Amino acid sequence: MHFEGIKNEYYHFLFSTLDFRKNDDISDTKLDTLAKMCIEVINPIRYIIDIEGKIVDILLTKQTEDIVSELDSIKRFFSDQYSSDYIQKMKDIARNPKLIFQKFKHSLLSTFMFGIFYRTQLRSWTNSDVYYDFYPWIFNARPIRFEFQNTLLPKETLDDERVRIQQKGISSDHRSQEALRMANTEFNDEAEMTEGSIDCEHFAEYIFNRENWSLYKIEARFECFGHENTEREDFLLERI
């Protein structure tokens, strides 16, 4: 993430994805390789943020025709129909600014970088009030609504240069895991939780530089509890 500057009272950031990992392992499957090549084609992406830290717009920085041409060149490495369909889907997204905004705004990265976490004040210096936000932890599904609270951790040493804030959340979403994968299941604030509602937890630690409050690292995990097993996903974002 690179801060470009301020234009028309909005903050402009450039972001590029450097690699893909799942639970600290580099992804090397055919699908992951295809996805990585397509993402590298559309990098860098520009985030436009208002003074409150909310996402105003997300734009591609390359010319659309150049992106489409580069995506077409990937086809020579993947001859199957699924890859062809995936590349076509990426081309359709590149041609549609509204789709670009929707896809990237609701990504896990965008939520961690520009979520309500940053607009939540600490109460009594160490704990925040309870607040709610949506995190898209499950791939190809709607974001899950969580009930959150933040805690400011004490210094580990007197000369500790880092500020650590923990974010703990439990699911506060009436929808089931299956319903979250359906396109037409919007969250209803008046609906009650049931036995079928998704049961999951979110834990994250945000680390900032104590001198200028710049973000240094985010480390997070997600656990979803099923009848027979527990699914876990990890997230790590670190400044290079």
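The values are calculated or read from the model by the stated rules, or taken from the named source; none is laboratory data. Nothing here was measured: the structure is a model prediction, and the numbers come from that model. Cβ atoms come from the backbone with ideal geometry, glycine included; neighbour counts cover every protein chain shown. These accessible areas exclude ligands, DNA and RNA; they are computed on the full protein's heavy atoms, side chains included. Shrake-Rupley method; radii C 1.70, N 1.55, O 1.52, S 1.80 Å.
On full extension, the segment bounded by A179 and I39 gains 47.6 nm, given 0.36 nm per residue less the C-alpha separation. For the residues D160, D173, D133, a GNM of the chain with alpha-carbon springs under 10 Å puts the largest fluctuation on D160.
Straight-line cross-link reach from K30 at under 30 Å between alpha-carbon atoms covers these lysines, not counting any fewer than eight positions away in the same chain: K22, K62, K75, K89, K91, K98, K103, K105, K217.
For the range 1-133, the normalised intensity computed at q = 0.12 Å⁻¹ comes to -0.58 (log10 of I(q)/I(0), Debye sum over alpha carbons, equal scatterers, no solvent). When the residues Y132, Y206 are ordered by accessible surface, computed with a 1.4 Å probe over the protein chains alone, the sequence from largest down reads Y132, Y206. Using only alpha-carbon positions in the chain, the gyration tensor eigenvalues give semi-axes of 31, 25, 18 Å once each is multiplied by 5 and square-rooted (largest first). Here is the short version for the chain: C38 have no other Cys C-beta closer than 4.7 Å. Of interest is the spacing of the C-alpha centroids, which for the range 146-208 and the range 57-96 amounts to 33 Å.
Taking 0.36 nm per residue of separation and subtracting the Cα-Cα distance, full extension of the segment from Q81 to N127 would add 11.4 nm.
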